[in-house]
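So the structure is just underneath, and the comments pick up after that.
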Amino acid sequence: MTNRRFTEPDELVAAMAAAAARVGPAVSLAVRHEAMVLQALIQAGASGRPGPNVITGRYRASWQTQVVPRRHGATATVGTFAPQGRRLELGFYGADSLGRVYAQPPFPHVAPALLQLQPGFAARIATAAMGAL
């Protein structure tokens, strides 16, 4: 960011438009990076206790990240379509739709990853945006 003085309104408008055009891609890149870090933290947490044990590695490999660029940033989704994901994270007590009874304790791996990533998330995104100016 510079401390340039503008003498004409058109110069200021052009400078602001140019800055706005740079902010979106910079924030998008930062969001993509944070989402990939979150995916890696979740996969690490799904690699044995206190998270779920690894038997085949298919569950851990099922985690995916999808980033959709937006005009001034991006939206990221980190998740799995594996049917056991919710039960592993939250546990399951009771009968399923087939009548089988379970007493499966939770093996959290998503919540701890979010808690680890969250403290500096907003600051890292803001830094990326300010760096583009």
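Every read-out reported here was derived from the displayed coordinates using simple, explicitly stated rules and does not represent laboratory data. Just so it is clear, the structure is predicted and the values come from calculations on it, not from any experiment. Here the Cβ is made from the backbone with ideal geometry for all residues, glycine too, and neighbour counts use every protein chain on show.
So for the chain, averaging the separation of alpha carbon pairs under 8 Å that are six or more residues apart and normalising by length, what relative contact order in percent results?
32 percent
For an R0 of 30 angstrom, estimate the FRET efficiency from the Cβ-Cβ distance between residue 70 and residue 123 and round to the nearest 0.05.
0.90
What is the distance in Å between the Cα centres of segment 81-114 and segment 1-52?
Between the Cα centre of segment 81-114 and that of segment 1-52, the gap is 34 Å.
222 nm [θ] for the chain, helices only, -39500 (n - 2.57) per DSSP H run of 4+, per residue, to 500?
-16000 deg cm²/dmol
Using +1 at the Cβ of each Lys and Arg and -1 at the Cβ of each Asp and Glu in the chain, identify which of 102, 74, 44 lies farthest towards the dipole's positive end.
The one lying farthest along the dipole's positive direction is 102.
For segment 73-133, what is the Kirkwood hydrodynamic radius in Å, using each pair of distinct C-alpha atoms?
14.7 Å
When all alpha-carbon pairs of segment 9-132 are counted, what percent fall beyond 20 Å?
55 percent
Using label points projected 7 Å from each Cα along Cα→Cβ, tell me how many nm separate residue 11 and residue 133, to one decimal.
Placing both labels 7 Å along Cα→Cβ, they lie 1.9 nm apart.
Magnitude of the Cβ-charge dipole of the chain, K/R +1 and D/E -1, about the Cα centre, nearest 20 debye?
Its charge dipole is roughly 340 debye.
What's the angle, to the nearest 10 degrees (0 to 90), between helix 121-132's Cα axis and the longest principal axis of the chain?
The angle comes out near 30 degrees.
Tell me, 75, 56 in order of fewest to most beta-carbon neighbours within 10 Å?
Taking fewest neighbouring Cβ atoms as first place, the list is 56, 75.
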